[in-house]
Every structure is written in structure tokens, then in C-alpha cells.
Amino acid sequence: FKDVYIHGLVRDENNKKMSKSAGNGIDPLLLIEKYGTDSLRYTLIREVVGAGQDIRLEYNRTTDESASVEASRNFTNKLWNAARFVMMNLEGQTPQQLGNPGENVSGLELCDRWILSRYYQTVQQTCEAVDTYGLGDAAKTLYEFIWGDFCDWYIELVKSRLQGEDAASRRVAQQTLAFVLEGILKLLHPFIPHITEEIWHTLTQAESTASLAVQSYPESDANLMDGELESDFQLIIGAIRTIRNLRAEVDIKPGAKITAILQSDSAKERNILQGGESYIQGLAKVADLTITPALAEEPEQTIAGVVGTVQVLVPLAGVVDIDQLCGKLEKSLGKIEGEVKSISGRLSNSKFVDKAPPEVVQGARDNLAEAEKQAEILRDRLRQLRGE
């Protein structure tokens, strides 16, 4: 043999070797029945961190449940639902009928070029990992791209185009969705063969005698890989995520449109944000977006965040009831301050510090530090809201 792959053991939930004499074996059929064959298969591959390294399989013998296999089942569900959404929006067309979006780069929008670059980066990383027997690394790379970039971001970014009246933009979005989805199915097939085969047949409308297993594995395209674009797009994603987090912090209703201000001294950052203005407005529910190098004066009653060197401001006047929000924060602060007082009292008691196990004392100190930090965050938020 030219190559010999030495794999590790699958150990039980206590990191012990499974054996008949110890009676600690885990029946894979129970996990397959509960979570599916692909889920168990993907879990075992994903947990491989290197040739010869053992795998510890999380398992609850009382319920025959495994948190790690359940996470893989959730991943397969995510893929299934994403594929279902894509196919519902292709108007009955297959990837082959729609064509390769990379053949007309000038017709691609910013997010299309971003997802194609991320896709080809993933193809390259996956192939390199498989070629060097880094199967766990390949599985993790695919997980992050599919769940994060494709499902959580690209699909959300193109929903408005799929429902819009611009036929050319809609077709490019359809092309890109179909092309990347088929590529994902090919990349994932060695890891989760059953669900990928099922989706691929529906997506491509292939004959029943055809098989995904014999299709060509994807190859990277350096012409469509753009590291700078990917880095720039992360700033747009970061701005959207920050605005969403700020909305959640002050309980702004999900459907409510808000005003947002993005301030940066960097001309490059401002240009990047202006290029993604429509994405920020759409996904963060922003009606009025201002991108500026400097603030003449900071608006009163705002909540602020930071992404990169960009300051993100969301004015709250007219969007939330400031007095009601302050009252809610004051109530939370009072509860945390009570917790700080209680833990501080325990730690100031020499009998507790001297007699309690060291790990208990350290746990109390950690809890005190966390509570004090939470209290400080709430005080800062209250000062912001009151304009102090």
C-alpha cells in the first residue's frame, strides 16, 4: 500500500475504551434509529482531529441520547431546509439549465462574488484536507461554510432579489444559489451520502439510474477567489450583526424600522460599508442609514457598538419607550447588585474562605467578577439612555 491510515478508537462518554468485558459499548444502531445514519457518520468524521487520535463520543445511557450526534442531525436538517428553500425559488430550473454564474462576472452583485469566493476557498481547503487525510478538518470546514456563509448569510441576502421585479438580478441569484448548492452536495457526499444523494436527484432532476457518487468532485477556481473581498465583506456582516445585537439589547420589535449611524475615520471602511448599504438596510431593518467620517454631535438617547474601527449608533427616540426600558434595566441592575452583595458577603467571611474547598471559593470569586462586569454594563447602558 502507498498509504496507510491509522485511525483511533471511539471511546465512551467517560473516555474509556469500549469493550465487551467492561460492558460499556455504545450501540450505533440506537443512535442511527434516533438521529439517522448520516448524522452518526458525520459526527465520527468531524471528531477526527488527526491520524491515530481517539474520538470521545458523548452519550447518555439513560436516554440513549448523544449531544454530539444531535448537533450533526441539526446540521443535516439545516442543509435539507436550505435546499428546500433554494429549490422552491428556482422556478423548476436545474443548475445545468441556469448555468454557471462565474461565466458572467460582470453580472454578479457584491454578495454573489463574495459567496463564490467563499465557495471556491472552501473547495480548495476541503480538497487539501482530504488529500492529506485531514478528514475532521474537511468536515469542520464544510460545516462552517454551509451553516454560516451559505445558510445564515447568502440565502438571507438574496431573498429580496428572489421576490423582486428585477428579472436579471433574480436570475443571477437563482444561478448562484443552484450552482453553490450543487457544489455543496458534491463536497459533502463522502461525509453524508444519503441525504446529499436525495437532494441532488431532486435538484438536478437526474435519472433514477444516475448517482451523485460518480460525479466529478468540485475544483477550485483561482479567478473567482478574492481574499480582499472576503475580508471587506466581513465588515458588512459585522455591521449587520452589531446593529441586530443593539436592537435585541433594547427590545426593539423585529419588524420595526430604525435609524442607524456608522462612523469611521477610515475612507476604506466607509467605502466598503457604502457598497453594502442595501444589505445593511435590508437585514438589519434600517430605514435611514448614515455613513459618516465624523459626528458633528452625538445624538441623545442612543445605544452604541463597535465593529472594526467603526462606531455603530442607534438613536432610540421614537423607537422604544425610554422610561420603560430604563425601568427594566434598573430592575435587572438591582437584582445583579443583590447578587454581588451576597457573593461579596460570603467571600468576606473568613470561615467560608478557610473551610470551603478551593474550587468552591474560586467559583465564588469567578461569579463575583462576572456579576460585577454585568452590573457595570447595565450602568453604562443606563447612562447612555439618560444622556449622562
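Structure notes:
- Net charge contributed by nearby residues that have their C-beta within less than 15 Å of Gln93 (K/R +1, D/E -1): 0
- The average projected area of the chain, computed from the convex hull of its Cα atoms over all directions, is 27.6 nm².
- Listed residue pairs exceeding 18 Å between alpha carbons, taken from Lys257/Lys328; Lys17/Lys140; Lys341/Lys373: Lys257/Lys328; Lys17/Lys140
- Most positive-pole-ward Cα, Ala356, Ser264, Ser211, against dipole of the chain from beta carbon charges: Ala356
- Take every DSSP beta bridge whose two residues both sit in the chain; close to 60 percent of them are antiparallel.
- Grouping the Cα pair distances of region 35-102 into 10 Å bins from zero gives a pair-distance distribution of 18, 32, 23, 18, 9, 0 percent in increasing distance order.
- Under the span-like rule (Cα at least 20 Å along the axis, Kyte-Doolittle mean at least 0.5), DSSP H helices of the chain: 167-188
- Annotation: per residue accessible area for the chain equals 53 Å², rounded to a whole number [probe 1.4 Å, protein chains only].
- Peptides 316-322, 11-17, 34-40 ranked from most to least packed, by the mean per-residue count of other Cβ atoms within 10 Å: 34-40, 316-322, 11-17.
- Listed peptides 162-171, 254-263 appear in the order 254-263, 162-171 once ranked by packing, highest mean of other Cβ atoms within 10 Å at the front.
- Student exercise, region 243-388 dipole from Lys, Arg, Asp, Glu Cβ charges, in Debye to nearest 20: 420
- Net charge contributed by nearby residues that have their C-beta within less than 14 Å of Glu372 (K/R +1, D/E -1): -1
- Reduced Cα scattering model of region 197-339, Debye log10 I(q)/I(0), q = 0.11, 0.13, 0.14, 0.17 Å⁻¹: -0.60, -0.71, -0.76, -0.94
- Within the accessible area of the chain (1.4 Å probe), percent carbon and sulfur: 48
- In a reduced charge model with +1 at each Lys and Arg Cβ and -1 at each Asp and Glu Cβ, region 1-143 shows a dipole moment near 340 debye about its Cα centre.
- Beta bridges from DSSP with both residues in region 250-325: antiparallel share about 60 percent, rounded to the nearest 5.
- Share of pairwise Cα-Cα distances greater than 11 Å in region 224-272 is 74 percent (whole percent).
- Rounded to the nearest whole angstrom, the semi-axes of the ellipsoid equivalent to region 128-247, taken from the Cα gyration tensor as √(5λ), stand at 27, 21, 14, largest first.
- Helix-only [θ]222 nm of the chain, DSSP H runs n ≥ 4, -39500 (n - 2.57) each, per residue, nearest 500: -18500 deg cm²/dmol
- Per the Cα gyration tensor, region 68-162 maps to an equivalent ellipsoid with semi-axes of 25, 18, 12 Å, ordered largest to smallest.
- Net charge over other residues, Cβ less than 11 angstrom from the Cβ of Asp321 (K, R count +1; D, E count -1): -1
- When +1 charges are put on Lys and Arg Cβ atoms and -1 charges on Asp and Glu Cβ atoms, the dipole computed for the chain relative to its Cα centre reaches about 1100 debye.
- With DNA, RNA and ligands ignored, accessible area of Glu58 (1.4 Å probe; Å², nearest 10): 100
- To the nearest 10, the accessible area of His194 is 110 Å² with a 1.4 Å probe.
- Rounded to the nearest 10 Å², the accessible area of Val307 at probe 1.4 Å: 20
The values are calculated or read from the model by the stated rules, or taken from the named source; none is laboratory data. A quick note: this is a predicted structure, and the numbers were derived from the prediction, not measured. Every residue, glycine as well, gets a Cβ built from its backbone with ideal geometry; the counts of neighbours run over all protein chains shown. Only protein heavy atoms, including side chains, enter the accessible area calculation; ligands, DNA and RNA are left aside. Shrake-Rupley method; radii C 1.70, N 1.55, O 1.52, S 1.80 Å.
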